[in-house]
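Please read the structure below before turning to the comments.
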Amino acid sequence: MKLLFTRVCCLLGGLVGVSQLAQAQITYTPVAVTGYTADVIADGTGPVASRTTNTIDRGNATVKWCFANTTYVNPTGQSPVLALPASGLLPSAVTTTPGLTFQLAPATANNSLRIDGAGQGTLTLTTPRAATEVVVLATEGNGSTAAKTFVVTFTDGTSQTFSNQVVPDWFNGATPAYIVGSRVSYVDNSIDNATTNPRLYQVRLALAATNYSKLVLSVNASKASTDPVLNVMGITLGATCQGVPNGGVAVAVPNILCPGQQVALTPSGSTNAGGLTFQWQASTDGGTTFTNVVGATSPTYIGTPTVTTIYQVIITCNGQSGTSTPVTVTVQPTTTTLAYATPPATASFCRSGTQAVVAVSPAGGTFSAGAGLSINATTGTLNLGASTAGTYTVTYTPPTGACGGPATATVTVTAPVTPTLTYGTNGFCAGSGTAAPTTVTPTGGTFSGSAGLIINATTGAVNLAATPAGTYTVSYTSAGTCSATATAPVTVLAPQVVTLSYGGTDFCKAGTNPTAAVTPAGGTFGSTTGLAINTATGAIDLNTSVAGTYTVTYTSAGQCNGQATARLTVKGNAPPTYPNILTPNGDGLNDVLRLYIADVQNYSLQVFSRWGRRVYEGHSATEGWSAADSSAGTYYYLVEYTDCAGRAQSVRNWLEVVK
């Protein structure tokens, strides 16, 4: 039994805790209303009758009273010791409604729904809102406490009636919400500092659960008796949150602003109940991360963003939270920007196609330009093909409310260029030198060639020494915005292969004239001095040529001509010469029998004494007999050889040796 009691006790304790938690979650909010019919609060300086329009009680001609606030001074210079606060904000003294306050209407205007006698009146909320209870601030004069009826009407047209509601008399009623502590006479301006009276009371009207989600529109008060005089002076709504709150949608007003301007942020369509807590969050990285805004814990947050920021609010009820749909607040730049090219590029375009804006901020403005430039006023896109060549100023006017003034950009539209390129001739000889273009317009562009062509990209000169023979295409791209390309063919010709031959290298003057064998035909011949040669055919006249060695040069005809050479010797065929006396005394004159014979073969020299004995035999035409071992006297010699014409020759003769 003890264990059972313990469990029951703990459960009851838990329920009590839950009940206390639920009660603690009630939030009270004074609401602004319209429909007050009388000013019953004296303020400022002067007679009470001039500072009000009616009294709390009905009284009589000599006794009737009003409230006063702390600003009131009667004609004798007196003020109440205790009075209503000038702000009109009244905290409730009822302990069962912690945090409950009421907001009186200003003392300078009607501030009471005053019902004198049987009748009714309605107070309408300036801004309807949901609640779990409606708390009415009221009091009565003239002593009666007849039952009253209150009807709460919702924006959907439904209502909830509260009958038999008691509002105590303003003097000595139980459980006052607020003790004013004084009253002032409407008749003689006297002040009654009653200290513990008069009093204001609160009437709690608990709404049905089915009405929690509805918006309270108005509160009607009515009574059927003549007495007392009912004064309804304030409405406060109480609400208790339940379940997971709906975060709704964050709304920003305005959502586009300039640096330093304020934005009001509120959730729309969110759970509207008491006990809710709010935490606004901000993101400056496009919504990737959100951080709490310090101090932003009210339903409405007034922010001053310096950069474009995304906001959301987390609404929490009893540890359960709902997050609103974020809203973006765009902070516009203080300057307006416009660009048609990304630096370092310049906004220079060829007169063809279209060109869109590269950068513009803020968006939503209009574009304009001078005559000749075709431009879309909404997008800023340039119709280059429909524009006239020239330089223009484009003006971008930002939308109304933008932080900066107009921005401008300079745009140049250039007429198309038609480049030209020629190389004069279509054939260049490979091997050496360069081939430069003969016509290039306009200057300043770049050259390129098909594969294998070695070309200077700046001058267009073709390197003939490094380029293989073949046909190529040279491309020339003009400089500037409206660049275009021209092409020209270039043919690099291989040099001619030239050959020259005479069928031999040695020729005798008495022999047959040699003829030239050449490839290709049609060229010209030449030689060193002394050779009789036909320059057209290359034929050599040996008979008229001077014996010697020559170089014949053959130069072919045509564009890529070449040369070939042949080295040949013309040999003489004169008879040998010899002395008829030999004096070998070493004086260098007739010391040796040497026969001066040129261009011979199979040479033989034999010397005989007069008795027929051979005293010398030699086979070199450059050597001879010195008679060193022979005595003076007469000798005979025989010379045999083959001359340059291939003929066998022999000479017999004698000479005298003198010693």
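The values are calculated or read from the model by the stated rules, or taken from the named source; none is laboratory data. Every value quoted in this text rests on a predicted model; they were computed, and no experiment measured them. With ideal geometry, Cβ positions are generated from the backbone for all residues, glycine too; neighbour counts draw on all protein chains shown.
Is it fair to say T473 is closer than 25 Å to G433 by Cβ, free of Cβ contacts under 8 Å to residues at least 40 places away in the same chain, in contact with a Pro (Cβ under 9 Å, 6 or more places away or on another chain) and surrounded by fewer than 18 Cβ atoms within 10 Å (Cβ to Cβ)? Answer is yes for this residue.
Give me the residue from the range 531-540 that is outside any strand (DSSP E or B) and touching a residue at least 24 places away in the same chain (Cβ under 8 Å) and, out of that set, surrounded by the fewest Cβ atoms within 10 Å (Cβ to Cβ).
Start the filter on the range 531-540 by keeping residues that are outside any strand (DSSP E or B), which leaves 531-532, 534-539.
With the extra rule that they be touching a residue at least 24 places away in the same chain (Cβ under 8 Å), the set shrinks to 531, 538-539.
Values: L531: 21, G538: 23, A539: 15.
Among residues in the range 531-540 that are outside any strand (DSSP E or B) and touching a residue at least 24 places away in the same chain (Cβ under 8 Å), the one surrounded by the fewest Cβ atoms within 10 Å (Cβ to Cβ) is A539.
Note on the range 216-233: residues that are farther than 14 Å from G121 by Cβ and within 60 Å of the chain's Cα centre (by Cα) amount to 2. The set of residues in the range 288-320 being surrounded by 15 or more Cβ atoms within 10 Å (Cβ to Cβ), in a strand (DSSP E or B) and either at pLDDT below 95 or within 30 Å of the chain's Cα centre (by Cα) (or both) consists of T309, I310, Y311, Q312, I315, T316, C317.
For Y476, indicate whether it is closer than 28 Å to G558 by Cα, assigned to a strand (DSSP E or B) and among the aromatic types (F, W, Y). Talk me through it step by step, then tell me what you get.
Details: closer than 28 Å to G558 by Cα: no; assigned to a strand (DSSP E or B): yes; among the aromatic types (F, W, Y): yes.
It is false that Y476 is closer than 28 Å to G558 by Cα, assigned to a strand (DSSP E or B) and among the aromatic types (F, W, Y).
Consider the range 355-385 and keep the residues that are among the hydrophobic types (A, V, I, L, M, F, W, C) and loosely packed, with under 13 Cβ neighbours inside 10 Å. The one that is modelled with the lowest pLDDT is A363. Here the condition is being among the hydrophobic types (A, V, I, L, M, F, W, C) and assigned to a loop (DSSP other than H, G, I, E, B); of A221, A174, it holds for A174 alone.
Could you pull out every one of the strands (runs of 3 or more DSSP E) wholly within the range 611-659 that has 3 or more residues that are in the same structural domain as L595 (by TED's automatic domain parsing), of a type in the set (F, W, Y) and at pLDDT 90 or above? Outline the logic, then answer.
On the way: elements: 614-618, 633-642, 648-657.
Counting at least 3 such residues, we get 633-642.
The residues of the range 476-500 that are small (G, A, S) and either surrounded by fewer than 17 Cβ atoms within 10 Å (Cβ to Cβ) or touching a Gly at 6+ places or on another chain (Cβ under 7 Å) (or both), listed by number, are S478, A479, G480, S483, A484, A494. Residues that are in a loop (DSSP other than H, G, I, E, B), crowded, with 17+ Cβ neighbours inside 10 Å and free of Cβ contacts under 8 Å to residues at least 40 places away in the same chain within the range 592-610 comprise just one, R594. Taken over the range 81-119, the criterion of being buried (at least 18 other Cβ atoms within 10 Å of the Cβ) and among the hydrophobic types (A, V, I, L, M, F, W, C) is satisfied by A83, L84, L90, L100, F102, L104, A105, A107, L113, I115. For G633, the requirement of being in contact with a Lys or Arg (Cβ under 9 Å, 6 or more places away or on another chain) and of a type in the set (G, A, S) is met. Would a scan of the range 541-557 turn up a residue that is among the acidic types (D, E), closer than 26 Å to T505 by Cα and either within 60 Å of the chain's Cα centre (by Cα) or buried (at least 17 other Cβ atoms within 10 Å of the Cβ) (or both)? No: zero hits.
For G181, the conditions (1) in contact (Cβ under 8 Å) with a residue 40 or more places away in the chain; (2) surrounded by fewer than 16 Cβ atoms within 10 Å (Cβ to Cβ) all hold with the exception of (2).
Can you name every one of the strands (runs of 3 or more DSSP E) wholly within the range 367-457 that holds 3 or more residues which are farther than 30 Å from V497 by Cα? Write out each step before concluding.
Numbers: elements: 390-397, 407-414, 420-422, 439-441, 446-449.
Ranges flagged: 390-397, 407-414, 439-441, 446-449.
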